[in-house]
Amino acid sequence: MDNIAILDFGGQYTHLIANRIRRLGVYSEIVQSDISASQCKRFKGIIFSGSPHSVLDAQKPGFDPNVLHLGIPVLGLCYGHQLMAQCLGGQVVAGKYREYGIAQINIIKQSPLFAGCDIREQIWMSHGDAVAILPPGFDVLGSTDGCRAAAMGNESLRMYGLQFHPEVSDTPHGMTILDNFIAICECAREWNTQTFLREMGNDIKKKCGAKKVFLLVSGGVDSTVAFTLLNKVLGEHNVCGLHIDNGLMRREESGAILAYMKAHGFHNLHIVDASDRFLAALSNVADPEQKRRIIGTVFIQVQEQALSDLGLNPAEWILGQGTIYPDTIESAGTKHAERIKTHHNRVAAVMELLERGEIIEPLALLYKDEVRELGTALGLPESLVWRHPFPGPGLGVRLLCSDGAEVSVDPATSSGVLAIARRAGYEALVLPIRSVGVQGDGRTYAHPALVTGPKDWNGLEAVSTEITNKVRGVNRVVYGLHVQDAPDYRLVKAYLTKDRLELLRSLDSIVTDALHRFDEYRTVWQMPVVLLPLINKQERQCAVLRPIMSQEAMTARFARLKDETLAYILYEAKKVDGLGDLFYDVTHKPPATIEWE
Ligand code: XMP
């Protein structure tokens, strides 16, 4: 079968590129970046991925330069584009202007790579360095305002480099560009969902051997699809589902999940209430990564305990999880990738089990959109397949904690934010807390900026992009909804307590109700709500609304809720005891992540 290789330099989107190529009907394989040129001869095309590293670093991940002289078409993306330029005699410099998010490219030279694209296209960027001098024989194919060599190519060598990411859905004609590259590689389209499902079934049987699967079922889309798939491939008597109530679920969620599963014919699902155990382990913990590690570890401990409580012989059972690909990549699951956050199913205890081959994850190579497709193909109802994603650590990562110690903000950061905001007609201040972001394929843990002023979505998008691109120390921008003049917020000592969880649950219920009531549940992809360790002048706790649009969670745009939805949320939220100002997150991913920690 014709095969396109992706050389993995550790970019956050490497696997997404492979996913896109397969969606276009061609098998695609991810290989280590240092693969030898002779091993590459079997490929019909080669793609160089992005990376959290800079090509200007001495320690950058390398590759065999002979790969560029095999006569096979090559497409370099982001870091891959720069690496190709550097190796072929061009020059890369540290960019004066970093670009994260949406940009516009002007196509200035016709190329088969851009067949079917418009002369000006929206693209999606995440870079600091840039190609300043092209290698001999290459032409600039397209430029953005901040980047002259946003696309380069040498048609006779069939080599191309793109500073932007065609694989993400925020580059609307990205699939057209990848499709054109496949055509340039002269690949036959022989890969489809049926081939894939067959391979998955064989793979599950091979991995399990004579063992049965004891699967964690949170009730979300991924674990339910994994449960259904395993039941189908192995038979119900060889699968046992376990739902753990970790005390971090939404209001009345666990009971509803069990009832739902029973109603849909699943009889091999058990439920364990471990909420006290989770809350005890999390008391007095403020660091987000530590919280994530604790939650993931307690999950495994409870799962092992439940196996023995149910009288199942551990020698006959293998543990299972509904892990999907973003969980792996964001937890630094590939050689050169940086850890953005430790997903609950990627903590040390799980990694040890994985290494020993004692855990099965049938969906580990898939993205959310593929999981949904699979769920539909397996006959799951739409209401389940289209549930909003909910993270395994649940509200645990939506409840920001603090030990109360002052968080100082660099005055240069504050003045930088204020200058940009005022030029755009807003007031602003930098909040004394931090949240996680992803910029240039690396993790950031930086301040959010709060802007107040007119609720004009375009204006807010522009100011958010400018602040996060230009001001170091800020990776997120929130908009103050009904914030009083001269807002003033105080950081307080706040941990994961039942009271705070209840407050967040109340807001979460209001939001879910509003999305259904005003018909936005299907248009909005996910809508976390986040409680902050900040109080306003009335001593009430502040919270964030984080509605986003996405396809597979690797990139996301903040969603623009309808006025009536927002008005309803604000009206209902006022009735919640102890809840103060609400902020609306107006940051895309990158530079911010979807969740705050
Ligand atoms: P971020 O915050 O990394 O989230 O942009 C991407 C998607 O993953 C979900 N998420 C998780 N899901 N375990 C999960 O099962 C986790 O530890 C976890 N952390 C984030 C998040 O809700 C979003 O859909």
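Could you check the spin-label model distance between Q538 and H264? Points 7 Å from the Cα along Cα→Cβ, value in nm.
Reported label-point gap for Q538 and H264 is 4.1 nm.
Is the shape of the stretch 322-408 best called rounded, prolate or oblate, per the rule: a/c under 1.5 gives rounded, else a/b larger than b/c gives prolate, else oblate, with a ≥ b ≥ c the square roots of the Cα gyration tensor eigenvalues?
Note, shape of the stretch 322-408 comes out oblate.
Probe radius 1.4 Å, ligands and nucleic acids ignored: give me the carbon and sulfur share of the accessible area of the stretch 394-436 as a rounded percent.
51
Using every alpha carbon pair in the stretch 193-396, what percent of pairs falls into each 10 Å bin from 0 up to the bin containing the largest distance?
Spelled out per bin, shortest first, that is 8, 37, 40, 14, 1.
Considering the dipole of the chain built from charges on the beta carbon (Lys and Arg +1, Asp and Glu -1) around the Cα centre, which of L363, L395, A567 is farthest to its positive end?
Ranked along the dipole, the leading option is L363.
Using a simple spin-label model with points 7 Å from Cα along the Cα→Cβ vector, what separation in nm is obtained for K41 and A58?
3.6
Enter the Cα centre distance for the pair the stretch 459-485 and the stretch 506-574, rounded to the nearest angstrom.
Each part's Cα centre sits 17 Å from the other's.
Hey, if you put +1 on the Cβ of every Lys and Arg and -1 on every Asp and Glu Cβ in the chain, which of L282, F181, S435 ends up farthest toward the positive end of that dipole?
With unit charges placed on the Cβ atoms, the residue in question is F181.
Dipole size in debye (nearest 20) for the chain around its Cα centre, Lys and Arg Cβ +1, Asp and Glu Cβ -1?
220
Along the Cα-to-C-beta direction of D403, a point sits 7 Å from the Cα; which residues of the stretch 430-464 have their amide N less than 17 Å from that point?
433-434
For N238, what is the net charge nearby, where nearby means another residue's Cβ is under 14 Å from its Cβ and Lys, Arg count +1, Asp, Glu -1?
+3
The stretch 311-355 to the stretch 370-441: how many Å between their Cα centroids?
23
Taking a threshold of 32 Å on the Cα-Cα distance, which of the pairs K206/K335; K60/K341; K206/K291 fall above it?
From the list (K206/K335; K60/K341; K206/K291), the Cα-Cα distance tops 32 Å for K206/K291.
Around T323, under 11 Å between beta carbons, what's the net of Lys plus Arg minus Asp minus Glu among the other residues?
-2
Among I329, V217, M249, which residue has its Cα positioned farthest towards the positive end of the charge dipole of the stretch 193-396, with +1 placed on the Cβ of Lys and Arg, -1 on the Cβ of Asp and Glu, and the dipole taken about the Cα centre?
I329
Let me know the charge dipole size of the stretch 183-288 about its Cα centre in debye, to the nearest 20, where only the beta-carbon of Lys, Arg (+1) and Asp, Glu (-1) is charged.
So the dipole magnitude of the stretch 183-288 works out to roughly 420 debye.
Here are some pairs, K493/K537; K470/K493; K470/K589; which of them have Cα atoms lying more than 21 Å apart in this structure?
Violating the 21 Å limit, Cα to Cα: K470/K493.
Kindly report, to the nearest 10 Å², the accessible surface of R339 as traced by a 1.4 Å probe over protein heavy atoms only.
R339 exposes around 120 Å² with every protein chain in place.
Tell me the volume per residue, in Å³, of the convex hull enclosing the alpha carbons of the stretch 375-525.
Per-residue hull volume (Cα only) is 171 Å³.
Measuring from label point to label point, each 7 Å out along Cα→Cβ, what is the S509 to E199 span in nm?
So the label points at S509 and E199 sit 4.6 nm apart.
In whole angstrom, note down how far apart the Cα centers of the stretch 235-304 and the stretch 40-100 are.
A separation of 43 Å, based on Cα centres.
Take every Cα-Cα pair in the chain and report what % of them are more than 41 Å apart.
Percent of Cα pairs beyond 41 Å in the chain: 26.
Please work out whether the stretch 3-185 counts as rounded, prolate or oblate from its C-alpha gyration tensor, where a ≥ b ≥ c are the square roots of the eigenvalues and a/c under 1.5 means rounded, while otherwise a/b larger than b/c means prolate and anything else oblate?
Verdict is rounded for the stretch 3-185.
Could you sort the peptides 41-50, 12-21 by per-residue average Cβ neighbour count (10 Å cutoff), highest mean leading?
In decreasing order of mean packing, 41-50, 12-21 become 12-21, 41-50.
Enumerate the helices in the chain for which the Kyte-Doolittle hydropathy averages 0.0 or more and the C-alpha atoms extend at least 30 Å along the helix's axis, using complete DSSP H runs.
Taking the DSSP H segments of the chain (at least 30 Å long, mean hydropathy at least 0.0), we get none.
Bin all alpha-carbon pair distances of the stretch 453-597 at 5 Å intervals from 0 and give each bin's fraction as a whole percent.
Percent of Cα pairs in each bin: 2, 9, 19, 22, 22, 16, 8, 2.
All other residues with a Cβ under 11 Å from the Cβ of Q82 taken together, and with Lys, Arg as +1 and Asp, Glu as -1, what is their net charge?
The answer is 0.
The values are calculated or read from the model by the stated rules, or taken from the named source; none is laboratory data. Keep in mind that what you see is a predicted model, and the values were worked out from it rather than measured. Here the Cβ is made from the backbone with ideal geometry for all residues, glycine too, and neighbour counts use every protein chain on show. When the accessible area is computed, the model is the full protein with side chains, heavy atoms only, and any ligands, DNA or RNA have been set aside. Shrake-Rupley method; radii C 1.70, N 1.55, O 1.52, S 1.80 Å.
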